[in-house]
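Structure record follows, encoded as structure tokens.
The values are calculated or read from the model by the stated rules, or taken from the named source; none is laboratory data. What you are looking at is a predicted structure, and each value in this text was computed from that prediction instead of being measured. For neighbour counting, all protein chains shown are included, and Cβ atoms are generated from backbone atoms with ideal geometry for every residue, glycine included.
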Amino acid sequence: MTDAYAGGRTLVLLRHSKAEQSEDAPDADRPLTTRGRADAEAAGAWLAKHGLLPDVVLCSTARRTRETWHGVAMGMTGSPPEGGSAGPRPDVRYEADAYEAHPEDLLALVRRVDPAARTVLLIAHNPGISLLSALLDPQRADPDGLRTTDLAVHRSAPPWADLDRGGAELTDRYTARS
């Protein structure tokens, strides 16, 4: 069987946008700040501008990651020149296992993605999301990790199920700051 996407899979890692600090609410319930919402939309516009529209979105169930996805989705549908058409609606999966996950746990989520998906967007938390980027491309990953609303674009040839350490070159990075 021939792999139609050999050499053409893209995994976009996104650390959630800036969230409110709160002593009163559980960590998983923290909402985005005003800046965080604007940065999420800017990240979505950047993805659309660069043709990185996801087929599948894997998103932590924490409020700040869900709100980040909402902002990214809004940014992807912006009008030119800021963004563009969001294209077909992605398959969005809210994954409880992405909250406070280790990089190997996040990689396991990606490995379960349908092999027909060409672009996957994973929205999660530090340190796991930064460590996953470093695991996939130890030579090019930022040693300081991903800041809030940082996008790390990794390209890979193997099917998602075969993605492993050192198996996805870091080809681009974007930081949204409003």
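Assorted remarks:
- Here Ser60, Ser22, Ser17, Ser130 are screened, and the one residue that is within 22 Å of Pro158 (Cα to Cα) and of a type in the set (S, T, N, Q) is Ser130.
- Of the residues contained in the range 102-113, none is found to be under 12 Å from the mean Cα position of the chain (by Cα), over 20 Å from Arg9 (Cβ atoms), crowded, with 18+ Cβ neighbours inside 10 Å and in contact (Cβ under 8 Å) with a residue 60 or more places away in the chain.
- Count - residues of the range 140-165 that are of a type in the set (Gly, Ala, Ser), within 18 Å of His16 (Cβ to Cβ) and not in a loop (DSSP other than H, G, I, E, B): 1
A quick yes/no check of all residues on (1) of a type in the set (Ser, Thr, Tyr); (2) at pLDDT 95 or above:
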| site | (1), (2) |
| --- | --- |
| Ser17 | yes, yes |
| Ala28 | no, no |
| Gly36 | no, yes |
| Ala62 | no, yes |
| Thr65 | yes, yes |
| Met76 | no, no |
| Pro80 | no, no |
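Okay, residues lined up against (1) in a loop (DSSP other than H, G, I, E, B); (2) closer than 15 Å to Val56 by Cα:
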| position | (1), (2) |
| --- | --- |
| Ile123 | no, yes |
| Ile129 | no, no |
| Ser133 | no, no |
| Pro138 | yes, no |
| Gly167 | yes, no |
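- Among the residues listed as Ala38, Ala28, the single one being assigned to a helix (DSSP H, G or I), among the small types (Gly, Ala, Ser) and in contact with a Phe, Trp or Tyr (Cβ under 8 Å, 6 or more places away or on another chain): Ala28
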